[in-house]
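Worksheet for the structure shown next.
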Amino acid sequence: MERDEVLPVLYDLAVTIGSEISVKPLLTRTLQRLLYHTSFSAGFICLDVPECADADGEIEVRLDAVVGDFDLLGLIGRPVVLPCALLSHLAGRETDQAALLSSLRCTLTQYKSFLRLPLGQGGVIVLLAAEIPETTLPLTTMLQPVLEHLAKAIVLCRNNEAYTSGLLAQRYKLEEVFESSYSGVMITDAQANIVETNPAFTRITGFSPEEVRGRDPRMLSSGLHDHGFYSEMWNGILKDGHWEGEVLNRRKTGEVYPCWLTINQVRDKAGELLNYVGMISDISQRKEAEAQIHQLAFYDSLTGLPNRRLLVERLLQSFSQGARNGRHGAVLLLDLDGFKAINDTKGLETGDQLLVETGKRLKDCVSDGDTVARLGGDEFVVVLDALSERTEEAAAQADKAAELIRVELSRPYQLDGHVIHTTPSIGVVLFRGHQQSLDDVLKHVDAAMYQAKKAGRNTIRFYDPEMQAAMEARADLEEDLRHALELNQLQLYFQVQVDSRSRPLGAEALLRWQHPERGLISPASFIPLAEETGLIVPIGQWVLRSACEQLKRWQHDAVLRDLTVAVNVSARQFRQPDFVIQVQRDLIGSGAKPSMLKLELTESTVLENVEDTIARMGELKLLGLSFSMDDFGTGYSSLQYLKRLPLDQIKIDQSFVRDIASDPNDAAIVQTIIAMSEVLGLNVIAEGVETEDQREFLDRRGCHAFQGFLFGRPLPLREFEAQLKV
């Protein structure tokens, strides 16, 4: 603030003080203007401060107004114990007072300097800042007339009659400095049409008094605020007689700029509305400075990524989010292997380019809701949110993300004519809610990255040894699965499907993996892995081809030639562009009758893209095969779509069949499915039938096809054939 700006400041403060009729808005708005013009970050006002008997002691006071500090704001009107050294003595600027200000136990903000402004008898204004604003002006001397005026205004507010007469007198005096105000002033009539503006208004907006006189102030609107914003503004004006806040307005040139707008009603002694007075302060430079300060405070200057300070905030947010939704999150800490050697041999500029490019690749590897931060040097952190609620699944998701990052950062970099090769070492730690402290999470992920370095670099390590072992076992299983087809380790088992008289109708082909060392591996262990890795597509093709070939062989067997074979088709396989052609090729190549092949699709598969599903199913139906909807009732089927799908059969999920005889809810669901299938003209089959009671219940209610342990377990081909030929 320069000396030639002092008078407008004094005028601005005087207008603020003189336009209120009650103590609370008077103190709050005056304090806001003091903070704005002096650049202190927060402050409070106490009107009734008792004398301090001990200069080094404490006294109990009441906070009458607070601005800029949420902790202090919550204590307005309540007794608070504060140091005498903060509230007493003469006015003055106090710096390097961290020890004194740390005794402000009612606020979490760390202040180091303050400006004390005595206010009348027993009153004081204290402005607080982390660092004292730079100015050579004698603020205490400059503001003394304003503070005297404020003290008088407070007395007037407490005595309404005296205040009213004093307010009018003050306004008449303030009219003399109207033209010299640094803030733009706009006066309207009671109908909100502009009647007068001052020179500062023209300087800020670009409009002369003649261009705006008689017009609605909405001409200044930028169009960037919605109706609700202005509705709230006018509600405040009509209710409280004033409003203030930040507004985006538009200059005559069309430029949008931020301003601090204050609007007050002016009424006569009888309460009749005479005018509205608006004051506009251009805060463009302040906003730009705030944006620059925020960028410097929270973002890395080289890469533009969040720095450690913002990372901590994001992590705390993730902790809170996990506590609410029960999901895990993960922190990945990585650094670049051999980065120091690259700096030494290629130069610091190339090293900086490598860091920038690394940040870009990391951002491309994660979702919008995840965080990528740079801690410094070649250390980066990735925070993954909203992982699975189950620890094992969350670990697998984090491992998959880490592997993607490892692969991407291992690709060569083309930098300033150099081809740079580097790899990352990545440490991973899971978290959920506030089960672990922030310090522990950061300490653990650092230890995990160190283990990745020790393991030979270009690798991934979890902090939890058991989890690391599980991930390694999973990786080994994935590697074995990739070779299972070529090594003929996969085989089909068959489970019989029968009618109400236990006569075989068909069989469901079920995939099994006979590992030479691990033994028979459960589908629950490797099918999800195949889905995640995409191996389900070639495996699914093998299953379909093998089922068709088996159908062809059964066509020459008098006992087995009438059996249909049901084959499960995964969503990923079904969505392959050449899936229809692949099925056609398998049927033709094997010579199997299409009418004996039944494809089982889950609800989620058929409803993922209904129109595409209907088209694909229609093409396949032309070949002569049939469709069954598997696990019906466990998803979210829409009857609107269900009636359009070219289905032949609905399979009742075993989760409903299990307690059908004892759980009325399951019984009702099953009866509804059977009745709906009958209305839609669909066959129905129940899986998981294990007892005679379950079979009888289903049979009596119209379901006459069954699959389950009551009739036979899944068996290898030879045992299955032998069972049916007994």
Scanning region 284-329 for residues that are part of a helix (DSSP H, G or I), surrounded by 17 or more Cβ atoms within 10 Å (Cβ to Cβ) and of a type in the set (Gly, Ala, Ser), the one farthest from the chain's Cα centre (by Cα) turns out to be GLY322
When LEU274 is evaluated against the numbered criteria (1) in the same structural domain as ALA396 (by TED's automatic domain parsing); (2) surrounded by fewer than 17 Cβ atoms within 10 Å (Cβ to Cβ); (3) touching a residue at least 12 places away in the same chain (Cβ under 8 Å), which criterion, by number, is the only one it fails? (1)
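Against the definition (on the phi > 0 side of the Ramachandran plot and touching a residue at least 12 places away in the same chain (Cβ under 8 Å)), how does SER19 come out, yes or no? Steps first, please.
Values: on the phi > 0 side of the Ramachandran plot: no; touching a residue at least 12 places away in the same chain (Cβ under 8 Å): yes.
Answer is no for this residue.
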Hey, any hits in region 245-258 for a residue that's within 23 Å of THR30 (Cα to Cα), exposed (fewer than 14 other Cβ atoms within 10 Å of the Cβ) and at pLDDT 90 or above? yes
So SER103 passes all but one of these: (1) at pLDDT below 80; (2) within 24 Å of VAL146 (Cα to Cα). Which condition number does it fail? (2)
What's the number of the condition CYS365 fails, among (1) touching a residue at least 60 places away in the same chain (Cβ under 8 Å); (2) within 18 Å of the chain's Cα centre (by Cα)? (1)
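Answer with yes or no whether ILE21 is buried (at least 16 other Cβ atoms within 10 Å of the Cβ), of a type outside the set (Lys, Arg) and under 30 Å from ASN275 (Cα atoms).
So ILE21 fits the description; yes.
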Being in contact with a helix residue (DSSP H, G or I) (Cβ under 7 Å, 6 or more places away or on another chain) and loosely packed, with under 13 Cβ neighbours inside 10 Å is the filter here, so list the residues in region 401-442 that pass it. ASP416, HIS434
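Is it the case that ARG482 is surrounded by fewer than 18 Cβ atoms within 10 Å (Cβ to Cβ), basic (Lys, Arg) and touching an Asp or Glu at 6+ places or on another chain (Cβ under 7 Å)? Reasoning before the result, please.
Working: surrounded by fewer than 18 Cβ atoms within 10 Å (Cβ to Cβ): yes; basic (Lys, Arg): yes; touching an Asp or Glu at 6+ places or on another chain (Cβ under 7 Å): no.
Against the criterion (surrounded by fewer than 18 Cβ atoms within 10 Å (Cβ to Cβ), basic (Lys, Arg) and touching an Asp or Glu at 6+ places or on another chain (Cβ under 7 Å)), ARG482 does not qualify.
Out of region 372-389, which residues are touching a residue at least 60 places away in the same chain (Cβ under 8 Å) and surrounded by fewer than 21 Cβ atoms within 10 Å (Cβ to Cβ)?
In the first step, residues of region 372-389 are kept if they are touching a residue at least 60 places away in the same chain (Cβ under 8 Å); the result is 372-376, 380-381, 383, 385-389.
Answer for region 372-389, where residues must be touching a residue at least 60 places away in the same chain (Cβ under 8 Å) and surrounded by fewer than 21 Cβ atoms within 10 Å (Cβ to Cβ): LEU375, GLY376, ASP385, ALA386, SER388, GLU389.
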Scan region 616-635 and tell me whether some residue there is more than 26 Å from LEU563 (Cα to Cα), assigned to a helix (DSSP H, G or I) and out of contact with any Lys or Arg (no Cβ under 8 Å at 6 or more places or on another chain). no
Here, helices (runs of 4 or more DSSP H) confined to region 331-424 with at least 2 residues that are among the hydroxyl-bearing types (Ser, Thr, Tyr) and in contact with a Leu (Cβ under 9 Å, 6 or more places away or on another chain) are 348-365
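So that you can scan it fast, the table gives a plain yes or no per residue for (1) of a type in the set (Val, Ile, Thr); (2) touching an Asp or Glu at 6+ places or on another chain (Cβ under 9 Å); (3) farther than 25 Å from VAL23 by Cβ:
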| site | (1), (2), (3) |
| --- | --- |
| TRP243 | no, yes, no |
| LEU248 | no, no, yes |
| LYS252 | no, yes, yes |
| PRO258 | no, yes, yes |
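Conditions tested, residue by residue: (1) outside any loop (DSSP other than H, G, I, E, B); (2) among the aliphatic types (A, V, I, L, M); (3) touching a Phe, Trp or Tyr at 6+ places or on another chain (Cβ under 6 Å).
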{"residue": "ILE614", "(1), (2), (3)": "yes, yes, no"}
{"residue": "PRO646", "(1), (2), (3)": "no, no, no"}
{"residue": "THR672", "(1), (2), (3)": "yes, no, no"}
{"residue": "GLY712", "(1), (2), (3)": "no, no, no"}
Matching residues in region 218-233 - criterion: being exposed (fewer than 12 other Cβ atoms within 10 Å of the Cβ) and either part of a loop (DSSP other than H, G, I, E, B) or not assigned by TED's automatic domain parsing to the domain that holds GLN265 (or both): GLY223, LEU224, ASP226
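Go through region 570-592 and give me each residue that's farther than 30 Å from ILE673 by Cα and either in contact (Cβ under 8 Å) with a residue 60 or more places away in the chain or part of a loop (DSSP other than H, G, I, E, B) (or both).
Once the filter is applied, which keeps residues that are farther than 30 Å from ILE673 by Cα and either in contact (Cβ under 8 Å) with a residue 60 or more places away in the chain or part of a loop (DSSP other than H, G, I, E, B) (or both), region 570-592 yields GLN576, PRO577, ASP578, GLY591, ALA592.
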Do you know which of the residues in region 193-217 that are among the small types (Gly, Ala, Ser) and not in a helix (DSSP H, G or I) is nearest to CYS259 (Cα to Cα)? GLY206
Could you check region 320-338 and list, in sequence order, the residues that are more than 29 Å from ASN458 (Cα to Cα), in contact with a strand residue (DSSP E or B) (Cβ under 9 Å, 6 or more places away or on another chain) and not small (Gly, Ala, Ser)? GLN321
Of the residues that make up region 337-346, is at least one in the same structural domain as THR459 (by TED's automatic domain parsing), surrounded by 19 or more Cβ atoms within 10 Å (Cβ to Cβ) and under 20 Å from the mean Cα position of the chain (by Cα)? no
Look at region 506-556 and say how many of its residues are at pLDDT below 95 and touching an Asp or Glu at 6+ places or on another chain (Cβ under 7 Å). 3
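The values are calculated or read from the model by the stated rules, or taken from the named source; none is laboratory data. Every value quoted in this text rests on a predicted model; they were computed, and no experiment measured them. Reconstructed Cβ throughout: ideal geometry from the backbone, glycine too, with neighbour counts over all protein chains shown.
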